[in-house]
Structure formats: structure tokens, C-alpha cells
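Report on the following structure.
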Amino acid sequence: MTFDLNHTKSLFLKKCFIFPLNSLLFQSVFLLSTIMGEIIMSFADKKLSEIAISIPGSTALLREYDLDFCCGGADTLGAAVAEKNLNLAEIEARLTELQNSKKQDDEQRWLTAPYADIIEHIIHRYHERHKQQLSELFVLAERVESVHGDRDDCPIGVAAEIQNIYADLTSHMMKEEQILFPMIKMGNYAMARMPIQVMEHEHAEHGEHLDVLKALTNNLTPPADACNTWRALYSGIQEFMDDLMMHIHTENNILFPRVIEEGSR
Ligand SMILES: [Fe+2]
């Protein structure tokens, strides 16, 4: 057996430098790709149909960029964006914002926040959002009803019900924004008691509208072969319902009791 000095040197170099360097390089690449994956690549590899269904409000955004999540739903966002030469980072930032908007509801801080802050939150987070949601849901509902109207399980009447909700809700929100909220901001708490009762009664009526939507949509359960628009309609209605419940909760259970208590002192 011969002792090969060069071979031994080569093994020594590999053990001491090359393997650790490879390992370090691998770990760095892994770490970098993990970080990049969260910040930059979070939606590029997702199918348009997945985005439309899983991110509430994304259907309006996708339509804005003319990204087809219905017939072209199997394409990834990255591929579709590249084909249309759009700005991927911009679209991903907006999708991230939509996804995170549900996590911004920190009801605890509204228990002690100034009334002006709560009111601003209600108007920005709920009133403005409801108008966008209902406009988009109406478009989706009309599309589903016109394309699938011959099916027994087609949710006929959902578009009309969404229109009813839009009319009732916009009238309700206008009363809050123009009468009740300014009254509260001016400190007329005792005077606010009566309009608050009216608003609470209207909130109960909103709840009845949601029951109608549930009844028309088999409790928001799409059939197994439902198209992406149909599924996006139901997930969008679910998001609207969740938001409306949080909206009513913030008023009925947090803002209104604080104002009534202060008015009775
Ligand atoms: Fe309200």
C-alpha cells in the first residue's frame, strides 16, 4: 500500500474548507430563498383561481389588471403577469395588503380609543369596504346567474338580494356618517341615544339579509363542479358577511354602549 501525499492533502482541504463552505453556502441560499419567498415570491407561484378564492377582494384586483381567474384560472400569477408585461411586485404588494387587512381588526384597542378614532376606523375599514365588496359581488352574481341560470342549483336571486343589501346599507351608513357620528364627535351623547336605537334596529335587518343570502346559496356551499367565478362569489360573500358582523359588533358592542353610558352620567 502506497501513501499518496497529494491525495491526503486534497482530502484535508476538502474536509477543512470545501465541505464547510458548501454547507455555509447551502444554508445561506436556503435562508435567502426563505426570506425572499415571504417577501417577493409569495403569490407568483399561486394559480389565479387559488388567489381569487382564497384572498377576499382579490377578484376586483385581478379584473382591474385583466387577469383571467375564470377560464385562465390554471395559470400562475407569475406566468400571467409576464405574459401581459405587468408589474408583479406592485400586484403582489396589493394582494398582501388585501390578505393582511383582515388581521388589522384589533377590537381591544377600540374599548378605550377616542370616539373620533373609532368612527374613522368604522368608515374606512367597513363603510368604504362594504361598498367595494357589494359592487364586486353584484358583478360576480350577475355573471353566475347569466351563465349557469339553466341549472337547478344556480343561486338565482343573489344578484337582486345583493342590490337590496347595497341600497339598505348605503342608506344606513349615510345616516351614521351624516347624523349619528357627527353628534357623537360633538359630544352630544344623550341626544345620540335615539338614533343609536334606530341604527341597532337596522343592524338586525342587515342580519336578515344575510340569512336570505345563505338560504339562496345552500349556506354558501358551491356545487362540486362550480366554476371559479361561482366559488369566488361565495368566498366574497363570506368575507362580506364576516366584515359586516365585525362592523356591527364594533358599533353595537363597543361604540354605542360607551356613548350611551357617557350620556347617562
Ligand atoms: Fe351601522
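Pop the C-beta distance of H124 and D152 into the FRET formula with R0 = 30 Å and round what comes out to the nearest 0.05.
Numbers: r = 41 Å, r/R0 = 1.38.
Here the calculated transfer efficiency is 0.15.
Consider a paramagnetic label point 7 Å from the Cα of A190 along Cα→Cβ; state which residues of segment 232-265 have an amide N under 20 Å from it.
Once the point is set 7 Å along Cα→Cβ of A190, 256-265 turn out to lie under 20 Å by backbone N, inside segment 232-265.
If R₀ is 25 angstrom, what is the calculated FRET efficiency for the pair Y65 and S101, using the beta carbon separation as r and rounding to 0.05?
Working: r = 19 Å, r/R0 = 0.74.
That pair, Y65 with S101, gives E of 0.85.
We did not get these values from a lab; they are worked out from the coordinates using the rules stated. Remember, it's a predicted structure, so these values are computed and weren't measured experimentally. Note: ideal-geometry Cβ built from the backbone for every residue, glycine included; neighbour counts use all protein chains shown.
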